[in-house]
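One structure is given below, represented as structure tokens, and several questions about it will come after.
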Amino acid sequence: MDTVEFGRLLTAMITPMTDSGAIDWPSVDSVVEHLIETGTDSLVVAGTTGESPTLTHEEKLELIRHVVRQVDGRAGVIAGSGSNDTASSIQLTQEVEKTGADGVMLVVPYYNKPTQEGLYQHFKTVAQSTSLPVMLYNIPGRSVVNMSVDTMVRLTRDVENITSIKESSGDLVQVMELVEGKREDVAVYSGMDELTVPYLSVGGAGIVSVASHVAGEEMKQMVESFFQGNVDRAGQIQRRLIPLVRGLFMTSSPAPLKYVLSLMKVCGDSVRLPIVPLNPSEKDHMRSLLQQMNKKS
């Protein structure tokens with residue numbers, strides 16, 4: 001796969017839905033194939049982009065099992081098994097271990113605003129309940145609480161199977177301090193498409209991407225160019241992708257992404273409440289962005 005455990009380009013995979021709100025299983029297969037064909041090294045399933053807050057415990061397990069079968073060893077599969085309830089996170093994580101997934105991702109507990117000690121104890125307790133590699137997921141924009149560098153470093157030094165961190169604070173100083181202080185073999189991934197090259201430049205290992213659904217080949221080329229020493233080329237690609245990335249987050253994700261994928265005939269654009277579909281003007285904007293990107297490629 002790569003010298004890094006899960007590769008350089010990871011995709012935070014959507015969960016396709018039918019118009020009635022059920023998981024669209026044929027489209028799940030279509031998305032998996034599309035992502036593998038366009039360069040994704042590992043799929044992150046049932047995460048934020050996969051609308052995990054609206055998936056039931058049973059749906060998450062069924063989805064993870066299904067993706068593991070469809071992938072069939074051609075890419076890594078990392079399962080989002082964290083929540084804001086430590087006991088529930090342990091239960092799902094231990095059940096995920098039986099699905100054949102290659103690792104789990106644990107998000108900072110949202111809504112209940114734990115202290116740094118609470119974060120440490122939560123992640124340590126969940127990670128020690130499994131033998132799978134664990135990716136920590138710091139995303140203060142959604143969880144309100146920012147996991148401090150000290151907490152992340154402490155976890156990497158105290159818990160052996162914490163092997164990677166998805167860092168989505170957007171704070172490059174925090175990223176630098178984390179890279180400097182973490183256990184040497186822990187990979188730090190950017191969780192922000194628009195900052196991929198800046199994260200790589202201060203020691204990041206790769207990207208957990210949303211835009212790779214639409215621009216996977218470009219994202220792959222950007223990351224590979226950087227690690228091959230062609231930083232100018234990586235920067236050019238990064239700049240060219242900024243309008244697309246902004247568009248994908250112009251309203252609640254993954255509604256814009258699902259609409260673009262519907263234009264690409266990969267899957268439908270249905271989402272689950274409280275996410276709503278794009279309105280006509282938003283659709284026009286995303287259609288225009290896709291057309292512009294296709295002209296440049």
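So I have [x] 62, 45, 44; [y] 49, 46, 35; [z] 53, 40, 39, and one of them is Cα extents along the principal axes in Å calculated from this model. Which one is it?
[y]
List, in order, the whole-Hz ³J(HN,Hα) value for each residue of the range 24-31 obtained from phi through the Karplus relation with A = 6.51, B = -1.76, C = 1.60 and θ = phi - 60°; use x for Gly and Pro.
Computed from phi, the couplings for the range 24-31 are 8, 5, x, 6, 4, 4, 4, 5 Hz.
Let me ask another. As a test, work out the antiparallel percent of DSSP beta bridges whose residues both lie in the chain, rounded to the nearest 5.
Around 5 percent antiparallel, to the nearest 5.
Still on this model: If you average the alpha carbon positions of the range 164-231 and of the range 77-113, how far apart do those two centres end up, in angstrom?
A separation of 22 Å, based on Cα centres.
May I pose another question? Which whole-number value in Å² is the accessible area per residue of the chain, probe 1.4 Å?
On the way: 12330 Å² over 297 residues.
Result: 41 Å² per residue.
Let me ask something else about it. Residue-wise, which Karplus ³J(HN,Hα) couplings in Hz belong to the range 64-80, taking 6.51 cos²θ - 1.76 cosθ + 1.60, θ = phi - 60°, and x for glycine or proline?
5, 4, 4, 5, 4, 5, 5, 5, 6, x, 7, 8, x, 10, 10, 9, x
Which far-off residues, 5 or more places away or on another chain, put their amide H under 5 Å from the one on SER209, with H placed in the peptide plane?
LEU10, THR11, ALA12
Distance check, please: which entries in LYS182/LYS296; LYS182/LYS265; LYS265/LYS295; LYS113/LYS182; LYS98/LYS265; LYS124/LYS265 exceed 30 angstrom between their Cα atoms? Numbers along the way, then the final one.
Numbers: LYS182/LYS296 39 Å; LYS182/LYS265 42 Å; LYS265/LYS295 18 Å; LYS113/LYS182 24 Å; LYS98/LYS265 33 Å; LYS124/LYS265 42 Å.
With Cα atoms farther than 30 Å apart: LYS182/LYS296; LYS182/LYS265; LYS98/LYS265; LYS124/LYS265.
Output ³J(HN,Hα) for the range 11-21: one whole-Hz value per residue in order, computed from phi by the Karplus curve 6.51 cos²θ - 1.76 cosθ + 1.60 with θ = phi - 60°, and x for Gly and Pro.
Listing the rounded values in order: 10, 7, 6, 5, 10, x, 10, 7, 4, 8, x Hz.
Output the peptides 153-162, 136-145 sorted from most to least packed, where packing is the average of other Cβ atoms within 10 Å over each peptide's residues.
The packing order, highest mean first, is 136-145, 153-162.
Charges on Cβ only, +1 for Lys and Arg, -1 for Asp and Glu, centred on the Cα centroid of the range 4-76; of THR49, LEU10, VAL67, which one is farthest towards the dipole's positive end?
Of the listed residues, the answer is LEU10.
Taking the Cα centre of the chain as origin and charging only Cβ (+1 Lys, Arg; -1 Asp, Glu), how large is the dipole, in debye to the nearest 20?
Charge dipole, the chain, about its Cα centre: 600 debye, nearest 20.
Here's something else I'd like to know. With a ≥ b ≥ c taken as the square roots of the eigenvalues of the C-alpha gyration tensor of the range 138-205, please select rounded if a/c is under 1.5 and otherwise prolate if a/b is larger than b/c or oblate if it is not?
Details: a/c = 1.78, a/b = 1.22, b/c = 1.45.
It comes out oblate by the Cα gyration axes.
At 0.36 nm per residue, and after removing the present C-alpha to C-alpha distance, how many nm does the segment from VAL144 to SER129 gain when stretched out fully?
Numbers: separation 15, 0.36 × 15 = 5.40 nm, distance 2.56 nm.
Answer, rounded to one decimal: 2.8 nm.
Loop-only check: which trypsin sites (Lys or Arg not before Pro) in the range 194-297 are DSSP coil with at most 12 other Cβ within 10 angstrom?
Filter output for the range 194-297: LYS265.
How much of the accessible area of the range 137-213, in percent, comes from carbon and sulfur atoms when a 1.4 Å probe is used? Walk me through the numbers before you get to the answer.
Working: 1310 of 2710 Å².
Result for the range 137-213: 48 percent of the exposed heavy-atom area is carbon or sulfur.
For the chain, set up a GNM with springs between Cα atoms under 10 Å and report which of SER30, SER81, SER212 has the largest fluctuation.
Between SER30, SER81, SER212, it is SER30 that shows the largest mean-square fluctuation.
May I pose another question? Set Lys and Arg Cβ to +1 and Asp and Glu Cβ to -1, take the dipole of the range 162-297 about its Cα centre, and tell me which of PHE227, SER212, SER190 lies farthest positive.
Toward the positive end, the furthest listed residue is SER212.
Which one of PRO26, PRO243, PRO109 has the biggest mean-square fluctuation once the chain is modelled by GNM with Cα springs under 10 Å?
Most flexible of the set in this elastic network: PRO26.
Also: Over the range 87-134, what percent of the accessible surface lies on carbon and sulfur atoms, probe 1.4 Å? If you can, show how the numbers build up before the last one.
Details: 1090 of 2130 Å².
Roughly 51 percent, rounded to a whole number.
The values are calculated or read from the model by the stated rules, or taken from the named source; none is laboratory data. It should be emphasised that the depicted structure is a prediction, and the values quoted were computed from it without experimental measurement. Heads up, the Cβs are rebuilt from the backbone with ideal geometry, glycines too, and the neighbour counts pull from every protein chain shown. The accessibility values were calculated without ligands, DNA or RNA, using every heavy atom of the protein model including side chains. Shrake-Rupley method; radii C 1.70, N 1.55, O 1.52, S 1.80 Å.
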